[in-house]
Amino acid sequence: MNSSFPSDPGLRGLMDDWQDLAVLLCDPLMNVRAANDLGAALLGGLSHADNLFRLVFLDPAATEFFTEWTHIAAAATDVLHTIVAEGEHPGLDDLLGELTEGSGDFRRIYAGHDLSSDARRVKRLRHPVVGELTLFCDVLDVVRLPGYRVLALQAEPGSPSEHTLSLLGSLAATAS
């Protein structure tokens with residue numbers, strides 16, 4: 001994860017308090033600026049875990065990690081189109097150039113502006129350590145950090161995914 005976390009101890013404490021949720025703090029270009037322990041464990045081992053767009057389109061493990069990769073990729077391009085429409089963001093042109101150069105899938109989907117499914121809300125994952133997870137993603141805007149978003153990923157209570165996410169949390173706690 002990127003270590004340039006905005007100086008906000010209250011937000012950091014809130015993220016850390018949500019121990020049963022995988023929590024990521026992302027800047028306007030979806031660079032992961034901070035994560036709680038479970039969020040870090042969820043993305044652990046992926047080569048592009050520092051940016052969610054790079055993760056989807058440039059990480060060799062992405063199509064295995066996201067079991068419904070095509071839906072995730074379409075949702076990611078929808079978000080990128082929204083970011084582009086909002087106007088200038090430092091680093092946006094570089095990110096688009098990197099994705100365009102590095103991924104034929106990105107070029108095709110972005111140009112076609114494919115429609116996404118519920119992939120912005122539901123994430124079906126295959127974690128390399130704990131296996132299958134279905135997580136619901138809530139995106140919260142951080143008012144005091146314009147453009148920043150908290151992604152809170154949680155399993156349905158009582159589901160196999162809740163058990164699997166708990167197992168991942170336990171493994172992360174014993175590893176640290």
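At a glance:
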read-out: Residue list for segment 126-152, restricted to those being open to solvent by less than 60 Å² (accessible area, probe 1.4 Å), under 29 Å from Pro9 (Cα atoms) and in a loop (DSSP other than H, G, I, E, B); value: Val142, Leu145, Gly147, Tyr148
read-out: Residue within segment 107-125 that is closer than 26 Å to Trp18 by Cα, modelled with pLDDT under 90, part of a loop (DSSP other than H, G, I, E, B) and open to solvent by 80 Å² or more (accessible area, probe 1.4 Å) present; value: yes
read-out: Residue that is buried (at least 18 other Cβ atoms within 10 Å of the Cβ), modelled with pLDDT under 95 and within 20 Å of Ala35 (Cβ to Cβ), where the choices are Ala173, Ala76; value: Ala76
read-out: Filtered residue count, segment 10-38, keeping only those that are farther than 25 Å from Arg124 by Cβ, outside any loop (DSSP other than H, G, I, E, B) and open to solvent by less than 20 Å² (accessible area, probe 1.4 Å); value: 1
read-out: Which numbered condition Glu98 misses (of (1) within 19 Å of Pro28 (Cα to Cα); (2) touching a Lys or Arg at 6+ places or on another chain (Cβ under 8 Å); (3) surrounded by fewer than 16 Cβ atoms within 10 Å (Cβ to Cβ)); value: (3)
read-out: Ala155, sole failed condition from (1) more than 21 Å from Asp17 (Cβ to Cβ); (2) over 12 Å from the mean Cα position of the chain (by Cα); (3) surrounded by 13 or more Cβ atoms within 10 Å (Cβ to Cβ); value: (1)
read-out: Where Ser7 falls short, out of the listed (1) at pLDDT below 95; (2) surrounded by fewer than 16 Cβ atoms within 10 Å (Cβ to Cβ); (3) part of a helix (DSSP H, G or I); value: (3)
read-out: Subset of segment 12-56 that is basic (Lys, Arg) and touching an Asp or Glu at 6+ places or on another chain (Cβ under 9 Å) - its residue that is modelled with the highest pLDDT; value: Arg54
read-out: Leu92 of a type in the set (A, V, I, L, M, F, W, C), in contact with a Leu (Cβ under 9 Å, 6 or more places away or on another chain) and modelled with pLDDT under 95; value: no
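The values are calculated or read from the model by the stated rules, or taken from the named source; none is laboratory data. Remember, it's a predicted structure, so these values are computed and weren't measured experimentally. Every residue, glycine among them, receives a Cβ derived from its backbone with ideal geometry; neighbour counts consider all protein chains shown. Areas reflect the complete protein model, heavy atoms only, side chains present, ligands, DNA and RNA absent. Shrake-Rupley method; radii C 1.70, N 1.55, O 1.52, S 1.80 Å.
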